[in-house]
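Visitor: Dropping the structure in here first, questions after.
The values are calculated or read from the model by the stated rules, or taken from the named source; none is laboratory data. Predicted, not measured: the structure shown is a model, and the values here were computed from it. Positions of Cβ are generated from backbone atoms using ideal geometry, with glycine treated the same way; all protein chains shown enter the neighbour counts.
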Amino acid sequence: MHHITHWIDGRHWQGQAARQGQVFNPATGVQSAVVDFADTAVVDAAVDAASRAFDRWRHASLAQRSQVLFAFRHLVHTHRDELAAIITAEHGKVLPDALGEVTRGLEVVEFACGIPQLLKGGYSEAASSGVDVYSIRQPLGVCGIISPFNFPVMVPMWFFPIAIACGNAVIVKPSEKDPSVSLRVAELWKEAGLPDGVFNVVNGDKPAVDRLLAHPRVKALSFVGSTAIAKSIYETGARHGKRVQALGGAKNHMVVLPDADIELAADAAINAAFGSAGERCMAISALIAVEPVADVLIAAITQRMAKLRTGDGTRAVDMGPLVTCAHRDKVAGYIEAGVREGATLVVDGRGISVDGAAEGFWLGPTLFDQVTPNMSIYRDEIFGPVLCVTRVPSYTEALRLVNEHEYGNGTAIFTRDGGAARRFQHEVEVGMVGINVPIPVPVAYYSFGGWKASLFGDSHAHGSEGVHFFTRGKVVTSRWPDPSQGGINLGFPQNR
Ligand code: NAD
């Protein structure tokens, strides 16, 4: 049985864990590894290592930091197939999708390679007579990054390349469901020349996170996961005086107007609802069909669903298994609830035939029609391959549904009308908007983040907000006086 442990101070941890978890290959249903769960002492050892490393790394020149980042970028790129294979083996998503995740993570590394430019401050010569004023941004210290199972490479990479480029030391706490790839990333950082202790990985569950939340030398926390936990992480972290950005769950709506290109909209709905088995925070799970578009759109979607192949992600299939047996059962429970609550089950993904081992955590693509806002399948984040169609009479009603939903991560509108699209982007209360683009994940030089219950905190991930989150500002007012310009003046300084 493969044994996964922590990575602290540039090496695998050597201790004996009191608690461990199981890691499965979701496509076979077979346990592939045990993972050590960190207790307080292990987290404290990681924080000690990171604190020591920070004391040196914060003084590394920008040139030195960007050289390490360029080397890391090269190594991740070179090892992208290997990283994708590790993701597929523990998460289950199909290999091309895993490769796509690595590539999107790399974009943030590439963004962080430009750190000398990103950290440039402002300078005002002669703000007052003989006085210059300038601003600088400095690192925070030790930063914790707690990530979900669904993007084991990309989500931590939204944060750590920028945190490290800004001069911080980080501790990543991956999901206990697919922890291996973070350890391979740690080895690549070491090979890239990053000093030991700047990048650490502690594995575990709630106790590890609780210690990161409480430890006085952890200055900032970036959390991504479900909303209930994100909210509590934000509140607890803030109570402990930390800077926190906590990204939560989602229920992304795709609005299709009657004038939309139906073929384009149907393709987009399929890709965005069933890619990665719907286990994406930007997946489309609510399709709002503005009548009279629903019948023709549902026909086009159903026709495409019949061709989707579900199976082992290492084979030539479209959709892999769900991450765990418990999660598969939870999603299947929502399908039962939808039927019970009166929605029309158009395609049932339960009991489909798959290209893979019978014991895998399978659930096929599922489609509901006639879904109403009071149903649990509309209200809750399902996080599986279940697409719910709600029929509405007008754009105004579609907009009302999107805006009244608890979540506000991503949304999309499909239309040929530029004016309607422009109105939607202006009126919709959601952080990331797609116009004829179903999964509008921003490029690395913009920032990723939702509104409402999809994000707690002030800063979105990566882009300029990422640089801002991982640094704090300082303004220097300086005078190099001529010795004759002294003098006592107890009044408040005024600029002259
Ligand atoms: P999760 O909330 O179960 O776990 C996320 C992390 O929190 C993991 O590292 C886990 O070990 C840890 N954790 C679990 N229980 C905890 C507790 N009680 N206290 C402290 N830490 C705890 O989420 P998941 O199932 O791994 O991931 C799916 C969720 O993540 C979905 O809700 C999805 O929408 C969300 N997500 C959001 C975004 C975004 O950008 N908003 C991106 C990816 C995933």
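Visitor: Given the condition at pLDDT below 95 and either small (G, A, S) or within 16 Å of the ligand (Cβ to nearest atom) (or both), answer yes or no: does some residue in segment 109-129 qualify? Before the answer, list the steps.
Guide: Keep residues of segment 109-129 that are at pLDDT below 95, which gives 128-129.
Among the residues that remain, those that are also either small (G, A, S) or within 16 Å of the ligand (Cβ to nearest atom) (or both) are: 128-129.
Among the residues of segment 109-129, at least one is at pLDDT below 95 and either small (G, A, S) or within 16 Å of the ligand (Cβ to nearest atom) (or both), which makes the answer yes.
Visitor: If you don't mind, there's one more thing I want to ask. Every residue in segment 1-32 that is small (G, A, S) and within 16 Å of A186 (Cβ to Cβ), please.
Guide: Within segment 1-32, G10 is the sole residue that qualifies.
Okay, residues lined up against (1) buried (at least 21 other Cβ atoms within 10 Å of the Cβ); (2) in the same structural domain as A228 (by TED's automatic domain parsing); (3) basic (K, R); (4) at pLDDT 95 or above:
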site: G449; (1), (2), (3), (4): yes, no, no, yes
site: H462; (1), (2), (3), (4): yes, yes, no, yes
site: E465; (1), (2), (3), (4): no, yes, no, yes
site: F470; (1), (2), (3), (4): yes, yes, no, yes
site: I488; (1), (2), (3), (4): no, no, no, no
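Visitor: Just checking, which of V389, V433 is more than 16 Å from the ligand (Cβ to nearest atom), among the β-branched types (V, I, T) and modelled with pLDDT of 95 or more?
Guide: Details: V433 fails: more than 16 Å from the ligand (Cβ to nearest atom).
Step by step, each of V389, V433 is checked, and only V389 is more than 16 Å from the ligand (Cβ to nearest atom), among the β-branched types (V, I, T) and modelled with pLDDT of 95 or more.
Visitor: Name the pairs whose Cβ atoms lie under 8 Å apart, with the first residue in segment 212-240 and at pLDDT 95 or above and near the ligand (Cβ under 9 Å from one of its atoms), the second among the aromatic types (F, W, Y) and not in a helix (DSSP H, G or I), and 6 or more positions between them or separate chains?
Guide: T227/Y407; I229/F223; A230/F223; A230/F456; I233/F223; I233/F456
Visitor: Separate question: Residues of segment 130-142 being part of a loop (DSSP other than H, G, I, E, B) and at pLDDT 95 or above, which ones?
Guide: The first filter runs over segment 130-142 and keeps only residues part of a loop (DSSP other than H, G, I, E, B), leaving 130, 140-141.
Within segment 130-142, L140, G141 qualify.
Visitor: Output the number of the condition that I288 fails; it satisfies all remaining conditions of (1) crowded, with 23+ Cβ neighbours inside 10 Å; (2) over 27 Å from the mean Cα position of the chain (by Cα).
Guide: Result: I288 passes all but (2).
Visitor: Pairs please, first residue from segment 405-419 and farther than 12 Å from S454 by Cα, second anywhere and surrounded by fewer than 22 Cβ atoms within 10 Å (Cβ to Cβ) and of a type in the set (S, T, N, Q), Cβ atoms under 7 Å, 6+ apart in sequence or on different chains.
Guide: Listed pairs, sorted by first residue: F414/N436.
Visitor: Considering only strands (runs of 3 or more DSSP E) fully contained in segment 395-496, which possess at least 2 residues that are more than 30 Å from D259 (Cβ to Cβ)?
Guide: 471-479
Visitor: Taking only pairs six or more apart or across chains, which ones have beta-carbon atoms under 6 Å, a first residue in segment 155-174 that is closer than 17 Å to G193 by Cβ, and a second residue that is more than 16 Å from the ligand (Cβ to nearest atom) and among the charged types (D, E, K, R)?
Guide: Within 6 Å, the pairs are A165/R65; G167/R58.
Visitor: Taking the criterion of being buried (at least 18 other Cβ atoms within 10 Å of the Cβ) and either in contact with an Asp or Glu (Cβ under 8 Å, 6 or more places away or on another chain) or not hydrophobic (A, V, I, L, M, F, W, C) (or both), would at least one residue in segment 55-62 satisfy it?
Guide: So in segment 55-62, the residues buried (at least 18 other Cβ atoms within 10 Å of the Cβ) come out as 57.
Then drop every residue that is not either in contact with an Asp or Glu (Cβ under 8 Å, 6 or more places away or on another chain) or not hydrophobic (A, V, I, L, M, F, W, C) (or both), which leaves none.
No: zero hits.
Visitor: A further question follows. Within segment 196-208, take every residue that is crowded, with 24+ Cβ neighbours inside 10 Å and on the phi < 0 side of the Ramachandran plot and give me the one that is farthest from the ligand (Cβ to nearest atom).
Guide: Looking at residues that are crowded, with 24+ Cβ neighbours inside 10 Å and on the phi < 0 side of the Ramachandran plot, I get V198.
Visitor: Identify the single condition in (1) within 11 Å of the ligand (Cβ to nearest atom); (2) surrounded by 21 or more Cβ atoms within 10 Å (Cβ to Cβ) that A268 does not satisfy, given that it satisfies every other one.
Guide: (1)
Visitor: Moving on. Residue check: is R315 buried (at least 23 other Cβ atoms within 10 Å of the Cβ) and either closer than 24 Å to N409 by Cβ or touching a residue at least 40 places away in the same chain (Cβ under 8 Å) (or both)? Write out each step before concluding.
Guide: Values: buried (at least 23 other Cβ atoms within 10 Å of the Cβ): no; either closer than 24 Å to N409 by Cβ or touching a residue at least 40 places away in the same chain (Cβ under 8 Å) (or both): yes.
No: the conditions fail for R315.
Visitor: Which of the residues spanning segment 362-381 are out of contact with any Ser or Thr (no Cβ under 6 Å at 6 or more places or on another chain) and assigned to a loop (DSSP other than H, G, I, E, B)? Working first, answer last.
Guide: Taking segment 362-381 first, the residues out of contact with any Ser or Thr (no Cβ under 6 Å at 6 or more places or on another chain) are 362-363, 365-368, 372-381.
Those that are out of contact with any Ser or Thr (no Cβ under 6 Å at 6 or more places or on another chain) and assigned to a loop (DSSP other than H, G, I, E, B): W362, L363, P365, T372, P373, N374, M375, D380, E381.
Visitor: Here's something else I'd like to know. Among the residues of segment 279-297, is any among the charged types (D, E, K, R), modelled with pLDDT of 95 or more, more than 19 Å from M319 (Cα to Cα) and outside any strand (DSSP E or B)? Don't jump to the end; show me each part of the working.
Guide: Initial filter on segment 279-297 (among the charged types (D, E, K, R)): 279-280, 291, 295.
Checking which are modelled with pLDDT of 95 or more leaves us with 279-280, 291, 295.
From what's left, more than 19 Å from M319 (Cα to Cα): 291, 295.
If we keep only those that are outside any strand (DSSP E or B) as well, we get 291, 295.
Taking every residue of segment 279-297 in turn, at least one turns out to be among the charged types (D, E, K, R), modelled with pLDDT of 95 or more, more than 19 Å from M319 (Cα to Cα) and outside any strand (DSSP E or B).
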